[in-house]
Amino acid sequence: MGEPVALGGVVVNPGDIVADDDGVIVIPPHRAEEALTAVEAIVAREADLDAEVAELRSRIA
């Protein structure tokens, strides 16, 4: 406990962010802000795509 461990060839250090609802990812704390920015961009793009699909579905319904 409190020591780095290797899982599947990935070293996980104390304080790393390691899981969410969809799976596991290792994010060192010093890269958390970078990861958050990337995730926010992905979420925004997915929302745009969802809106585009909804618009297209409404045209054919």
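The values are calculated or read from the model by the stated rules, or taken from the named source; none is laboratory data. No experiment lies behind these values; they were computed from the predicted model shown. Reconstructed Cβ throughout: ideal geometry from the backbone, glycine too, with neighbour counts over all protein chains shown. All accessible areas refer to the heavy atoms of the entire protein, side chains included, with ligands and DNA or RNA removed. Shrake-Rupley method; radii C 1.70, N 1.55, O 1.52, S 1.80 Å.
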- prompt: How much area per residue is accessible in the chain when the probe is 1.4 Å and only protein heavy atoms are counted (Å²)?
  reply: 87
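Could you estimate the translational diffusion coefficient of the chain from the Stokes-Einstein equation, with Rh from the Kirkwood formula over C-alpha pairs, at 4 °C and 1.567 mPa s, in whole µm²/s?
Translational D for this selection: 90 µm²/s.
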Relative contact order (%) - the chain, alpha-carbon pairs under 8 angstrom, separation at least six: 16
statement: Taking Cα atoms only, helix 32-60 is inclined relative to the longest principal axis of the chain by an angle, in degrees rounded to 10, of 20
Positive-end residue, the chain charge dipole about Cα centroid, Cβ charges, pick of L36, A61, G9: A61
task: Whenever you get a sec, compute what percent of the accessible area on the chain sits on carbon and sulfur atoms (1.4 Å probe).
output: 59
query: Nearest 20 debye, what's the magnitude of the dipole of the chain about its Cα centre given +1 on Lys and Arg Cβ and -1 on Asp and Glu Cβ?
result: 140
